[in-house]
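The values are calculated or read from the model by the stated rules, or taken from the named source; none is laboratory data. Only a predicted model underlies this, so the values are computations on that prediction, with no experimental measurement involved. Neighbour counts run over all protein chains shown; Cβ positions are idealised from the backbone, glycine included.
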């Protein structure tokens, strides 16, 4: 199993690295979107799957990252700086709002995150001087990747930007993988299972929840910061709660108790969406039905279904 | 001997019901103490007050002469107070090994390491292994804790409570819901651990056989007050205690 897993991982990374050699612009665009959603949903799942907190406001932090990155890129054309600013914006806002949210759990926590997320949404609408209101930020350049004095890479070709997003995402995913397997990650799982018992291990639950929330915000901000250079615009709907539902959906689809669940969910999300959109403009109805169907069939997520049902069957034969 | 823990006029009311009514109590180091009393006497409330699960209305709690009345749970644990629960409180989805890693990591101040995987913290895992041997769950280390038998889960629960090496350890009905075989196993473990460890055990129990065979000292609670306090033989002779346990006379005659 372990060897097979490693093999699969290497094959996948190779495939992603070689993708631009044979894929068209549209496929690259799709893959970038999948990577962004993966990073977004993985951060979200640190909260849901590992800490046991369901947040409905992650789009707020995603938008914070997108707006911060857009603002920076409009002034200083440096891709890396945009990403760092986006991540910082997501993380800092999550730290501040999280301080108020993690005092509660379950539905109360979810409602708080929902309302704070929508506060960011209204802010994006109304604070016209900074956010551009309903016009959003427009004309954001896909700035070159620059390390002053060492190298400059032009990001205008889609392949180049694809590689940038790929490398950033892989690093982010790898770091998160280490985090969930670290003592901190194990402690979060403990909080999910029984918070009282963790308190009696001498741990301040609230602080750990806040840290987890901040990490999720950092990842949402990072994911958000990768979007403006791709789309050249940032608009308020990014902060809307329907956008917060995306990581919830893909995580449930892929499985909340597996690390790779959100990634698999993101791939499925764009795959299904892409196919349906060709046939109908009311794609959300169909998409919703399919997601409900899949969640009901694959109890615990698609990944669990394959590792715990299909794989043992294959092994026996 | 010096008092490990001391309370002064500790009081907790739930509405008009007194769960703890001006309790003055000392717990001495190294004396295995039991707290008994009829249902609703305030035994669990007392433990909750001492460990920080609920906060007192008034009165004070001192641990090693330090006022801890309003300290949150996790800070009390760091000072050396820990407990097990009457209702099962383990991490059911994690393996037995992972269950014990959580408190030991915290005890060794490793919980805030973000990058190095848990299995590479070898000194932590050595301790976990030692604890696994102590509670006798070595061969079940890789099973999800939720799949263990009831008795093994209770053992794990005691292991979790012992992990931070507490100076004072409260066990809330450690044998609740067990069959006689498991009960004997738990008892032997508690007796052995209280001898081997530097911890002082305080046990809340319903089962009188256990209480009288195990304890050095017994405290009887009734309606939030201390009714009697002394060696097992003294408690057996105490008329007040017999009156409180009216209806269980047959049992008392048996002793």
Checklist entry - In segment B:77-109, how many are surrounded by fewer than 24 Cβ atoms within 10 Å (Cβ to Cβ), at pLDDT 90 or above and more than 7 Å from chain A (Cβ to nearest Cβ)? => result 2
Next on the checklist: Of everything in segment A:295-317, what is under 16 Å from residue A:266 (Cα atoms) and part of a helix (DSSP H, G or I)? Give them in sequence order.
Outcome noted: A:295, A:302, A:303, A:304
Checklist entry - Would you call residue A:161 away from chain B (no Cβ under 14 Å) and crowded, with 22+ Cβ neighbours inside 10 Å? => result yes
Checklist entry - Yes or no: residue A:177 at the interface with another protein chain (Cβ under 9 Å from one of its Cβ atoms) and touching a residue at least 12 places away in the same chain (Cβ under 8 Å)? => result no
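Results for (1) more than 30 Å from residue B:162 (Cα to Cα); (2) out of contact with any strand residue (DSSP E or B) (no Cβ under 9 Å at 6 or more places or on another chain), shown as yes or no for each residue.
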residue: A:117; (1), (2): yes, yes
residue: A:128; (1), (2): yes, yes
residue: A:140; (1), (2): yes, no
residue: A:148; (1), (2): yes, yes
residue: A:153; (1), (2): yes, no
residue: A:158; (1), (2): yes, yes
residue: A:182; (1), (2): no, yes
residue: A:196; (1), (2): no, yes
residue: A:200; (1), (2): no, no
Checklist entry - Has segment A:201-208 got any residue that is within 14 Å of chain B (Cβ to nearest Cβ), outside any loop (DSSP other than H, G, I, E, B) and buried (at least 19 other Cβ atoms within 10 Å of the Cβ)? => result yes
Item to check | Which numbered condition residue A:80 misses (of (1) surrounded by fewer than 24 Cβ atoms within 10 Å (Cβ to Cβ); (2) modelled with pLDDT of 90 or more; (3) closer than 30 Å to residue A:152 by Cα) | outcome: (2)
Checklist outcome for this item: In segment B:117-127, residues that are within 12 Å of chain A (Cβ to nearest Cβ) and either in contact with a helix residue (DSSP H, G or I) (Cβ under 8 Å, 6 or more places away or on another chain) or touching a residue at least 40 places away in the same chain (Cβ under 8 Å) (or both) total 6
Checklist entry - Within the bounds of segment A:226-237, is there any residue that is within 13 Å of the chain's Cα centre (by Cα), closer than 29 Å to residue A:167 by Cβ, in contact (Cβ under 8 Å) with a residue 40 or more places away in the chain and assigned to a loop (DSSP other than H, G, I, E, B)? => result yes
Checklist entry - Is it the case that residue B:11 is part of a strand (DSSP E or B), within 30 Å of residue B:142 (Cβ to Cβ) and either within 14 Å of chain A (Cβ to nearest Cβ) or in contact with a strand residue (DSSP E or B) (Cβ under 8 Å, 6 or more places away or on another chain) (or both)? => result no
Checklist entry - Which of the residues belonging to segment A:180-197 are facing chain B (nearest Cβ under 7 Å), within 20 Å of residue B:116 (Cβ to Cβ) and in a helix (DSSP H, G or I)? => result A:183, A:184, A:186, A:187, A:189, A:190
Item to check | Test: residue A:286 is over 21 Å from residue A:38 (Cβ atoms), touching a helix residue (DSSP H, G or I) at 6+ places or on another chain (Cβ under 6 Å) and modelled with pLDDT under 90 | outcome: yes
Item to check | Enumeration of residues in segment B:28-55 that are over 22 Å from residue A:201 (Cα atoms) and either touching a helix residue (DSSP H, G or I) at 6+ places or on another chain (Cβ under 8 Å) or crowded, with 18+ Cβ neighbours inside 10 Å (or both) | outcome: B:32, B:33, B:34, B:35, B:36, B:37, B:38, B:41, B:42, B:43
Checklist entry - Among the residues of segment B:128-144, is there at least one that is crowded, with 20+ Cβ neighbours inside 10 Å, touching a strand residue (DSSP E or B) at 6+ places or on another chain (Cβ under 8 Å), within 14 Å of chain A (Cβ to nearest Cβ) and not in a loop (DSSP other than H, G, I, E, B)? => result no
Checklist entry - Within segment A:285-294, can one find any residue that is part of a loop (DSSP other than H, G, I, E, B) and either surrounded by fewer than 16 Cβ atoms within 10 Å (Cβ to Cβ) or out of contact with any strand residue (DSSP E or B) (no Cβ under 7 Å at 6 or more places or on another chain) (or both)? => result no
Next on the checklist: Looking at A:222, A:211, can you tell me which residue is touching a helix residue (DSSP H, G or I) at 6+ places or on another chain (Cβ under 8 Å), part of a helix (DSSP H, G or I) and surrounded by 24 or more Cβ atoms within 10 Å (Cβ to Cβ)?
Outcome noted: A:222
